[in-house]
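To start, the structure under review is shown below, and the notes come after it.
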Amino acid sequence: MKKDTTHNLTVAAMLSAVAFILMFIEFPIPMLIPAFIKMDFSDLPALLGAFALGPVYGVIISFMKNLLHIVIKGTSTACVGELCNFMLGAVFSALAGYLYKHHKSRKNAIIGAVAGAVAMALFSVPSNYFITYPAYVKFYHMPLEAILGMYQAILPSANSLIKCLVIFNMPFTLVKGLLDALICMLIYKPLSPILHGRK
């Protein structure tokens, strides 16, 4: 039992470090969403951990990558951005890992990952509306109208924050989660011996 716990913590620490590094490998998609919102794959290690070790470890990995980000890089939003990143990643990996845990099959892994991506996309709307964007307005001293203007440069009819989040952020978050799920399905089996401690 102690050996299993040690192994799980070691793998979780390794995946947390990889997730932290992946946070820096990001790129904008300016034709589809404002450039300040960037694509990255830092939720992938949490999804791998949730499948291999259980949903709790997926949440731990999501937490640790953001803690490392705050400690090493620092925060410009009084940790609000990192909090929301953690919450979204935790919803994604925890739901996927929970559904997979009860019946471990490739089909259930796909169902879990897709359900997690959908849940993360849906949760992105209230989390951004009530937490992230108000924090950006406060800490960056950027008027909400200026933020909306970035969306309206792509779609002029996006004249309210909730509309922007539903039209742009929710589909973007869904696609991001689905890409993480796809990559996970491709690499999980080759990585399985390392993740499970098997030779």
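Descriptive notes on the structure:
- Applying the set (1) crowded, with 19+ Cβ neighbours inside 10 Å; (2) farther than 24 Å from residue 16 by Cβ; (3) among the β-branched types (Val, Ile, Thr) to residue 91 leaves exactly one unmet item: (2).
- Out of 61, 37, 29, sole residue that is open to solvent by less than 60 Å² (accessible area, probe 1.4 Å), within 20 Å of residue 178 (Cα to Cα), under 11 Å from the mean Cα position of the chain (by Cα) and of a type in the set (Val, Ile, Thr): 61
- Going through (1) at pLDDT 95 or above; (2) crowded, with 19+ Cβ neighbours inside 10 Å; (3) under 24 Å from residue 139 (Cβ atoms) one by one, residue 68 falls short only on (2).
- Checking 32, 83, 47 one by one, the residue that is touching a residue at least 40 places away in the same chain (Cβ under 8 Å), under 30 Å from residue 161 (Cα atoms) and in contact with a Cys (Cβ under 6 Å, 6 or more places away or on another chain) is 47 and no other.
- Contact map, segment 52-78: residues that are in contact (Cβ under 8 Å) with a residue 60 or more places away in the chain and among the hydrophobic types (A, V, I, L, M, F, W, C) paired with residues that are buried (at least 17 other Cβ atoms within 10 Å of the Cβ) and part of a helix (DSSP H, G or I), Cβ distance under 6 Å, separation 6+ or inter-chain. Pairs shown: 52/195; 53/8.
- Filter result for residue 105 (open to solvent by less than 50 Å² (accessible area, probe 1.4 Å), of a type in the set (S, T, N, Q), more than 30 Å from residue 51 (Cα to Cα) and out of contact with any Cys (no Cβ under 6 Å at 6 or more places or on another chain)): no
- Failed item in (1) under 12 Å from the mean Cα position of the chain (by Cα); (2) farther than 21 Å from residue 178 by Cα, with residue 17 passing the rest: (1)
- A search for C-beta distances below 7 Å between a residue of segment 143-167 that is surrounded by fewer than 14 Cβ atoms within 10 Å (Cβ to Cβ) and of a type in the set (A, V, I, L, M, F, W, C) and any residue that is part of a helix (DSSP H, G or I) and at pLDDT below 95, counting only pairs 6+ apart in sequence or on different chains, returns 144/137.
- Filtering segment 120-155 to residues that are of a type in the set (Phe, Trp, Tyr), under 19 Å from residue 84 (Cα atoms) and in contact with a helix residue (DSSP H, G or I) (Cβ under 8 Å, 6 or more places away or on another chain) leaves 123, 129, 133, 136, 139.
- Failed condition for residue 43, given (1) over 14 Å from residue 95 (Cα atoms); (2) touching an Asp or Glu at 6+ places or on another chain (Cβ under 9 Å): (1)
- Filter pass, residue 78 being among the small types (Gly, Ala, Ser), out of contact with any Ser or Thr (no Cβ under 6 Å at 6 or more places or on another chain) and surrounded by fewer than 13 Cβ atoms within 10 Å (Cβ to Cβ): yes
The values are calculated or read from the model by the stated rules, or taken from the named source; none is laboratory data. Worth saying up front: this structure is predicted, and the values here are computed from it rather than measured. Don't worry about glycine lacking a Cβ; one is built from the backbone with ideal geometry, like all the others, and counts go over all protein chains shown. Note: accessible area is taken over every heavy atom of the protein model, side chains too, but ligands, DNA and RNA are not part of it. Shrake-Rupley method; radii C 1.70, N 1.55, O 1.52, S 1.80 Å.
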